[in-house]
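Notes for the one structure printed next.
Read-outs throughout are calculated quantities, based only on the coordinates presented, and are distinct from any laboratory measurement. Since the structure is predicted, the reported quantities are computational estimates derived from the model, not experimental observations. Positions of Cβ are backbone-derived with ideal geometry, glycine not excepted, and every protein chain shown enters the neighbour counts.
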Ligand code: ADP
């Protein structure tokens, strides 16, 4: 009789634990849904690994709906830019590489040439589009209904300028986030300006730019 009572208590204790777990998971689920709808931030410090994994998948799924604009002069596109573009294609649903028209008084390549080189170099990524823009970046981003501006940070020297730009853009358009990404270390010293200089002085630029750009740079420098 005593044993039977013990067994009953054990079963009851298991059942009540299971009920608690189900209730807790239902409460968790509904709080996730509420937070999804309201966009509220959650405190994850008390959570287990599964929760974090679920949250990451959730967050990535949300980011996947984003259209990001990657603006620049791209005079010309380098392997550093491409490294960043590839990283962007993995995070954002669509990535628009936006060439700033007339960014410098005397660019080496015309806007049309820069666009052509970019299209050639990014044709492997289906979710990449190359476009041209004038004037205020946030205006263009608004017009494209973009949620994100993507920028590259190579070294601390980029940071100050990029921070200023990002904060000013946020002031002009609070709904657009600037996202910074770092290229592979091998490209952290690479800039279009350096590539142009090396090429003009007859130095070798292979490995720094895509082959199509290398050929165009060579023919420009020989003229
Ligand atoms: P640059 O500064 O070389 O003239 P752009 O004006 O075309 O190039 O730069 C567009 C964006 O690409 C900027 O956010 C810049 O920081 C980033 N960028 C340029 N070169 C690289 C690189 N080697 N690696 C990562 N990001 C880069």
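Could you list 194, 208, 84 so that the one with the fewest beta carbons within 10 Å of its beta carbon is first and the one with the most is last?
Going from least to most buried by this count: 194, 208, 84.
Normalised by the empirical 2.2 N^0.38 Å for globular proteins, what value does the Cα Rg of the range 66-221 take?
The reported ratio for this selection is 1.00.
Between residue 158 and residue 86, what is 0.36 nm times their sequence separation minus the Cα-Cα distance? Round to one decimal in nm.
23.9 nm
For an R0 of 25 angstrom, estimate the FRET efficiency from the Cβ-Cβ distance between residue 182 and residue 145 and round to the nearest 0.05.
0.40
Multiplying the sequence separation of residue 171 and residue 191 by 0.36 nm and subtracting their Cα-Cα distance, what value in nm do you get?
4.4 nm
Hey, with R₀ at 22 Å, roughly what FRET efficiency would residue 110 and residue 218 work out to, going by the Cβ-Cβ distance, to 0.05?
0.80
Taking neighbour counts of Cβ atoms within 10 Å as a proxy for exposure, in what order, fewest first, do 220, 123 appear?
With the sparsest Cβ surroundings first, the list reads 123, 220.
Among 109, 180, which comes first, second and so on when ranked by fewest other beta-carbon atoms within 10 Å?
Ordered from fewest to most neighbouring Cβ atoms within 10 Å, 109, 180 come out as 180, 109.
Take each of the peptides 161-171, 143-153, average the number of other beta-carbon atoms within 10 Å over its residues, and list them starting from the highest.
143-153, 161-171
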